[in-house]
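Contents: one structure, followed by commentary.
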Amino acid sequence: MEIKILELTENKAKFILSDVTPAFANALRRIAISEVPSMAIDDVFVYENTSVLTDEMIAHRLGLIPLKTDLDSYVLPEKCSCKSEMGCNRCRVIGSLNVEAEDGRKTVYSGDLKFEDPEVKPVTDKIPIVKLEAGQRLKLEVHAKLGTGKQHAKWQPVSTCAYKYMPTIEVNKRVCDGCGRCVEACPKKVLNVEKEKVVVVDLLSCTLCMECVKVCPKEPPAIKVKGDDKTFIFTVESTGCLPVKRILVEAAKILKDKGEELSRQIKELG
Amino acid sequence: MKTLAAKIEYQCVKCGKKFTYEELSMMPEFKCSECGYRVLKKARPPIVKHVKAR
């Protein structure tokens, strides 16, 4: 198994994972989407709401706001040792939102949410929650908790987590005459004509659409395109709640734990 | 944050004067005692409402 990083920033990662089965790559993808925990608002206590949206609509919008997550300081509520309904300081963070449109219209933004833990805050302050007319007021208390994408999509830490097979493109240099039809047909500008032969200029952009193979006038086609199903080009984008590197490390950890649990249960069967 | 402690009440739509159910049942005619408007609405109860953000 080998990993080659093509791009790695705080929120986006693009890498090539080679020498693994499609099942492994898919497991990593699925776990990154639905089993890596992240923080989101789960309980809303409404004191006052004279806005045009109902309490439930505002609560729904609050739940979808991505919050900066601290996986080391908090635990999933189901796994917390306090075992209480309302939670404790290790499994939930209390926040509040109190906005009144005193003179004129005002928009309530995610930046108006204030939590007891200053490390927990919305990924961006600019998300509009509701618009208030003069005199309208919104006053509520929120509880943010850790959860997984499996329970609700608001807890999905990624916006994109997908892979494609590594393309392999072979041009038969004896047969190819550089007519350029495949170059024109390619939607991703993968090919070009050089010295009267077709060459690959951007292999990683190929989407395996096979248009180049279809338009080649030669019989059999001078160009062969295949996807290597043991090498994967991953693209992962975080919502900002966690650094993308952390999401992938946690996904790998969870996959390892699942494997160990399976091994343990099989041993118990005897 | 503390919960507000007040009785369930009704409110005149025009001038905002509040009445309790008892005061309303005592009045001979169904209208606001201050401005005479005959439309009343139920003021939001002072209960803290718990909503799941799902």
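Values in this text are rule-based calculations from the coordinates and carry no lab data. The structure presented is a predicted model; accordingly, all values stated were derived computationally and were not measured. With ideal geometry, Cβ positions are generated from the backbone for all residues, glycine too; neighbour counts draw on all protein chains shown.
With each pseudo-label sitting 7 Å past Cα toward Cβ, what's the residue B:31-residue A:10 distance in nm, one decimal?
6.4
Whole percent per 20 Å bin, from 0 to the bin with the longest distance: what is P(r) over all C-alpha pairs of the protein assembly as shown?
23, 36, 26, 12, 3, 0
Only helices at least 20 Å long along their own axis, judged from Cα atoms, and with Kyte-Doolittle mean hydropathy of -1.0 or greater: name those in chain A from DSSP H.
A:244-269
Stokes-Einstein at 20 °C, 1.002 mPa s, Kirkwood radius from Cα pairs: D for region A:188-262 in µm² s⁻¹?
132
In region A:96-166, how does Rg compare with the Kirkwood Rh, expressed as the Rg/Rh ratio over alpha carbon atoms?
1.13
For chain B, just run the numbers: alpha carbon Rg, then divide by 2.2 N^0.38 Å, N being how many residues it has.
1.39
Could you identify which residue out of A:149, A:180, A:227 has the top mean-square fluctuation in a GNM of chain A using Cα springs shorter than 10 Å?
A:180
With equal scatterers on the alpha carbons only and no solvent term, can you work out the Debye log10 of I(q)/I(0) for region A:38-155 at 0.15, 0.18, 0.23 1/Å?
Rounded to two decimals, the profile gives -0.64, -0.89, -1.32.
Using a Gaussian network for chain A with springs between C-alpha atoms less than 10 Å apart, which of these wobbles most: A:47, A:163, A:109?
The residue with the greatest mean-square fluctuation here is A:47.
Taking every eigenvalue of the Cα gyration tensor of region A:165-205, multiplying by 5 and rooting it, what semi-axes result, largest first, whole Å?
For region A:165-205, the ellipsoid semi-axes come out as 17, 12, 8 Å.
Taking region A:106-173, how many lysine pairs are there with alpha carbons less than 20 Å apart, if each pair must be eight or more places apart or span two chains?
16
Give the aspartates and glutamates whose C-alpha is closer than 20 Å to that of residue A:226, dropping any in the same chain fewer than 8 places away, or say none.
Leaving aside aspartates and glutamates fewer than 8 places away in the same chain, those within reach of residue A:226 are A:19, A:170, A:184, A:202, A:211.
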